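**Q** Before I ask anything, let me first share the structure, which is written out below as structure tokens.
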Amino acid sequence: MSTDTIPDAVYVVLRIFFEFTHSFGLLVLATVGLAVIFGMMGIINLAHGEFILIGAYGTTLSFHAGLPLPLAMVTGVAVTTVVGLILERTVIRHLYDRLLDSMVATFGLSLVIIQLTRILFGNTTNNVSLSMGSISYGPYSSGTYRILLAVIALVVLAVLYWVFTRTKFGLRARATMQDAETARAMGVNTDRMYMLTFGLGAALAGLTGALFTPAFTVDPEIGSEFLVESFVTVVVGGPSVLIGTSLGGALLGTIDAMFTWIGGSFLGEIMILIAAIIAIRIMPEGITGLLEDWRQKRREDE
Amino acid sequence: MLETEHLGVSYGKTPILRDVNISIEQGEIVGIMGKNGVGKTTLVKALIGLLDINEGRVTFDDTVVADATANRESFWRAESFPQEVASTLAGTPISNAPGRLGEFFPLAAELTPDATADQRARAGMGYIPQGRDVFPELTVEENLEMGETINGDAGEFQYDAVYEFFPILEERRTQDAGTLSGGQQQMLAIGRALIGNPDLLLLDEPSEGVQPSIVQDLTRDLEQVNEELGTTILFVEQNLHVVQNLAERCYAIDKGTIVDELGPERLASRDAVTKYLAV
Ligand SMILES: Nc1ncnc2c1ncn2[C@@H]1O[C@H](COP(=O)(O)OP(=O)(O)OP(=O)(O)O)[C@@H](O)[C@H]1O
Ligand SMILES: [Mg+2]
């Protein structure tokens, strides 16, 4: 074993690891908003990408209007949340339990939002630049901000887990989604529950848009870039909102990292889609569906 | 304690209940029996204010739970706009505009968290829906916690008392409710209603789908709740055993209205009771 093969191995591992954090951060953040709305409310929000778009524009515009970046991001999230709440009250609330109608309606919404953005703000925006330096090892380096995003993704998952399992809001939200009528009989204002859950999903999408503003070129098409990523992760993750998103993000992130290392980022992206297709074949209910089956079987064996 | 005056309910244009007059006193155990589809569940839902009623009213202690004539919700409703405005607009295409405004801006109503009168009354009533309806993917403990929502933060919650009545619930605390047996789910539904220490317990066919020996346990448990906690009980049933053993008196309902009221003597007679049941 020659002396310089060891640093080489470390280099490879590190590079794949960095690649993984990028991918994981992107996948998880792109997905959570969609996953909360789909998992909790059974609505496939095809305007999810455009909520991200609103978050990104809110951030970009208020940044160029003179706000410091963190405040601009908060503004982006706030604007998205308000838009989400208004849309829930006026459009979405009529579509609960109507999967196809809700898809058509949210698809329509997404087109409207894209065109409005084009009309109001044109086809391009000024970049928001952020320099946080980079972490490097040998010839390879990774932007610090990209790593920070992966950390934020983990924090978001943890906070959501806490909200849904440890708070009264989370308990009522889960009860409402399981059986709205009984929840109402228990004194829960289910209408408000739907509104708040949808608002939360919109806020998370807005957060994603805000966070990726410095890392992406913000234009009216930005939403569709995230939408594919997020759908693939939801499909692979399955019905359980948080565990599904985490495991889906981890699995696809690993695949992306491996193949990006082998053949570049384009190959990585292709392999994500292929992995998703294979995943649908072997586990139509996603990873969490598979886990649930497995748990059931074990219980029956007992 | 609980009273209805000329209560009438329709689903759309189909009348389901008409002219229902019942009255329950503190500490009683009262039954309501009737065949399938005569409106029992509809009646219970109207009693706790889950339905919009079309005629009469329901009162619980001093609170009006439901009133057909009162314009219940907020100022967004057309009825609550000043009479002159309404009569000026009458017959014009925008006569219902204020109402539609309310449709469009329910956000305003949503953001005012004040409990409505019927919600406050419901806080004194524990409801066990037909078919039990526990939340299948919440744990036993979380299901019990849902019983708290009705009393808000003000209530005192008696987990210990519930666990004492139903030790199995404490044993299965962390199990998903959907994996409990039917009888256990029924206990959970009762426990969930008891958590907030209600004055009145409303049960919709508690014996449905529960095996006979457990039905006997259940009957005994409910009597015990009534004795020890002083909880008034109103239950809907089609089960002869439960009607005869649990009720102190019993209303008979048919085609949406009360057709008879049986005291202890007639309740003891099998023939008098089965006449109103599909036995
Ligand atoms: N949401 C609804 N919309 C329209 N009709 C309804 C609705 N709920 C109940 N009904 C009708 O109202 C009538 C009374 O129903 P209800 O559930 O009160 O009967 P029930 O006495 O509880 O019957 P069961 O013994 O089968 O539980 C039935 O004819 C039913 O079809
Ligand atoms: Mg019924």
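**Q** On average, how many beta carbons from a partner chain sit within 10 Å of the beta carbon of a residue in A:166-178?
**A** 3
**Q** Then there is this: Do any of A:Lys168/B:Lys35; B:Lys45/B:Lys275; A:Lys297/B:Lys45 go past 28 Å between their Cα atoms, and which?
**A** Correct reply: A:Lys168/B:Lys35; A:Lys297/B:Lys45.
**Q** Further question: Taking the highest mean first, how do the peptides A:237-246, A:111-120, B:17-26 order by number of other beta carbon atoms within 10 angstrom per residue?
**A** Packing proxy ranking, top to bottom: A:237-246, B:17-26, A:111-120.
**Q** Sort the stretch A:233-302 into rounded, prolate or oblate with this rule: let a ≥ b ≥ c be the square roots of the eigenvalues of the Cα gyration tensor; rounded if a/c is under 1.5, and if a/c is not under 1.5, prolate when a/b is larger than b/c, oblate otherwise.
**A** Prolate, since a/c reaches 1.5 and a/b exceeds b/c.
**Q** Ignoring ligands, DNA and RNA, what percent of the 1.4 Å accessible area of the protein assembly as shown is carbon and sulfur?
**A** 58
**Q** If you take the square roots of the eigenvalues of the alpha-carbon gyration tensor of the stretch B:194-279 and sort them as a ≥ b ≥ c, do you get rounded (a/c under 1.5), prolate (a/b over b/c) or oblate?
**A** Verdict is prolate for the stretch B:194-279.
**Q** Please report how far the C-alpha centroid of the stretch B:193-272 lies from that of the stretch A:158-228, rounded to the nearest whole angstrom.
**A** Cα centroid of the stretch B:193-272 versus Cα centroid of the stretch A:158-228: 42 Å apart.
**Q** Another question, then. Express in whole angstrom the spacing between the alpha-carbon centres of the stretch A:53-111 and the stretch A:35-50.
**A** 12
**Q** Counting only the backbone N, which residues of the stretch A:147-170 are under 15 Å from the spot 7 Å out from the Cα of A:Leu130 toward its beta-carbon?
**A** Residues A:147-156 fall inside that zone.
**Q** To the nearest 0.05, what FRET efficiency results for A:Val151 and A:Leu116 with a Förster distance of 30 Å applied to their C-beta separation?
**A** For A:Val151 and A:Leu116, the calculated efficiency is 0.35.
**Q** Sort B:206-218, B:136-148 by the packing proxy (mean of other Cβ within 10 Å over each peptide's residues), most packed first.
**A** So the peptides B:206-218, B:136-148, ranked by packing, come out B:136-148, B:206-218.
**Q** Can you tell me what share of the DSSP beta bridges in the protein assembly as shown is antiparallel? A percent to the nearest 5 is fine.
**A** In the protein assembly as shown, approximately 60 percent of DSSP beta bridges are antiparallel ones.
**Q** Sorted by average packing, counted as other Cβ atoms within 10 angstrom per residue and highest first, what order do A:284-295, B:175-186, A:208-219 take?
**A** In decreasing order of mean packing, A:284-295, B:175-186, A:208-219 become A:208-219, B:175-186, A:284-295.
**Q** May I ask for the accessible area buried between chains B and A, both sides summed, probe 1.4 Å, to the nearest 100 Å²?
**A** For B against A, buried area totals roughly 2400 Å².
**Q** Something else about it: When Lys and Arg each count +1 and Asp and Glu each count -1, what net charge do the other residues less than 11 Å away from B:Glu28, Cβ to Cβ, add up to?
**A** That works out to -1.
**Q** Among A:Ala78, A:Ala173, A:Ala185, which one moves the most in a GNM of chain A with springs linking Cα atoms closer than 10 Å?
**A** Maximum fluctuation in the GNM of chain A, among the listed residues, is at A:Ala185.
**Q** Additional query: Once the piece of chain linking A:His94 and A:Trp294 is laid out straight, how much longer is it, given 0.36 nm per residue of separation minus the C-alpha distance between them?
**A** Additional length available on full extension: 68.3 nm.
**Q** A further question on this structure: Between A:Leu29, A:Leu148, A:Leu171, which gets the highest mean-square fluctuation from a Gaussian network model of chain A, Cα cutoff 10 Å?
**A** It is A:Leu171.
**Q** While we're here: To the nearest 20 debye, what charge dipole does the protein assembly as shown have about its Cα centre, counting +1 at the Cβ of each Lys and Arg and -1 at the Cβ of each Asp and Glu?
**A** Taking the Cα centre of the protein assembly as shown as origin, the dipole is about 1680 debye.
**Q** Next up: Averaged per residue, what accessible area in Å² does the protein assembly as shown show with a 1.4 Å probe, protein chains only?
**A** Heavy-atom SASA per residue in the protein assembly as shown reads 47 Å².
**Q** Same structure, new question: Testing the spin-label approximation: label points 7 Å from Cα along Cα→Cβ at B:Thr41 and B:Glu261. State their distance in nm.
**A** Once both label points are built, they end up 2.7 nm from each other.
**Q** Please give the contour-minus-distance gain from B:Thr139 to B:Asn245: 0.36 nm per residue of separation, less the Cα-Cα distance, rounded to one decimal in nm.
**A** The span from B:Thr139 to B:Asn245 would gain 34.9 nm if fully extended.
**Q** Which whole number gives the average count of other chain Cβ atoms within 10 Å of the Cβ atoms across peptide A:184-195?
**A** 6
The values are calculated or read from the model by the stated rules, or taken from the named source; none is laboratory data. Nothing here was measured: the structure is a model prediction, and the numbers come from that model. Glycine gets a Cβ as well: all are built from the backbone with ideal geometry, and neighbour counts include every protein chain shown. With ligands, DNA and RNA removed, areas are computed over all heavy atoms of the protein, side chains included. Shrake-Rupley method; radii C 1.70, N 1.55, O 1.52, S 1.80 Å.
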